[in-house]
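Quick note: the coordinates plus some simple rules give every number you see, no bench work behind them. These numbers come from a predicted model, not from an experiment. Please note: Cβ atoms are built from the backbone with ideal geometry, for glycine as well, and neighbour counts cover all protein chains shown.
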């Protein structure tokens, strides 16, 4: 991994996100030029996620400087993320945060708002101003799988194991994972992956389009570094306009609207270039 500095670690540099929130969520944020690295940092629990994790991720998304072009999401230790912290399935929950079962007792509006708040930790990773890459090693289960799916691209170590475990636990994937999963592998294969809850290894994930590259564990960081460098070589505004166009197509925009969006984006770029804005 290229040199990066924890946010707030350099003299005079303010914290973008409250350190106590990052600590509670088990998340670390480092900035290296136009790149941010978001690390799930609870290796003793295989980087299992809690509501504080999602709040920390959402806060990062809200506070990233405008000059950040790429975000890498990774995990510390031998797993990307093993999913939800199992204590969330108990009535006691975690450190004063009740288990997810409490949502059933909320009003429809409050329950919807609660889950929407959790989803905010994931949805910003698909903003077209950012290129986002998941560096997946080991387990990417349930919420961990959905976090990887929230990114534009996934580069996996050869020990990666993906699984959508929610349905087997009697719940559903609700952190934004269904749409990118179907986009990546198609409807029928997504059905099979979700309803079986089985694990998809790295080589199968590559074969079905779930990941874009598989490398030995020892080469994962260097491969991600090289990919980010290559994919951010284009002028920033041209890259952002292109990401926006591709995201629109992925969202199901009709062909005529896609053509119109291309024309409008190109006109914005030509006018910016003519004005010397780059």
For 118, 187, order by how many other beta-carbon atoms lie within 10 Å, fewest first: 187, 118
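Quick one: order 67, 221 by neighbouring beta-carbon count within 10 Å, fewest to most. The partial results should precede the final answer.
On the way: 67 9, 221 19.
Lowest to highest Cβ neighbour count: 67, 221.
Counting helices only, and only those DSSP H runs with n ≥ 4, report the 222 nm mean residue ellipticity of the chain as the sum of -39,500 (n - 2.57) divided by its residues, in deg cm²/dmol to the nearest 500.
Numbers: 10 runs with 115 residues, N = 278.
Taking each H run of at least 4 residues, the total per residue is -12500 deg cm²/dmol.
Using Cβ contacts closer than 10 Å as the measure, can you line up 68, 155 from fewest to most?
Values: 68 15, 155 27.
Least crowded to most crowded, the residues run 68, 155.
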Global size of region 183-245 as Cα Rg and Dmax, reported in angstrom: 15.5, 43
Rounding to the nearest 10 and keeping the result within 0 to 90°, find how far the Cα-based axis of helix 187-196 lies from the longest principal axis of the chain. 30
Relative contact order [Cα under 8 Å, 6+ residues apart], the chain, whole percent: 15
Label corresponding to Cα extents along the principal axes in Å when calculated from the structure given, among (1) 68, 38, 33; (2) 80, 48, 39; (3) 61, 51, 45: (3)
Given a Förster radius of 41 Å and the C-beta distance between residue 219 and residue 107 as r, what FRET efficiency does 1/(1 + (r/R0)^6) yield to the nearest 0.05? 0.25
Would you mind telling me which residue in 148, 116, 82 has the biggest mean-square fluctuation in a Gaussian network model of the chain, where springs connect alpha carbons within a distance under 10 angstrom? 116
What percent of all Cα-Cα pairs in region 22-174 falls into each 10 Å bin, going from 0 up to the bin containing the maximum distance? 11, 42, 35, 11, 1
Calculate the tail of P(r) for region 234-278: the fraction of all Cα-Cα distances greater than 15 Å, expressed in %. 42
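Would you work out the relative contact order for region 101-198, in percent, from Cα pairs under 8 angstrom that are 6 or more residues apart?
Values: 121 pairs, mean separation 24.4, N = 98.
25 percent.
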In whole angstrom, how far apart do the alpha carbon centroids of region 200-273 and region 92-126 sit? 30
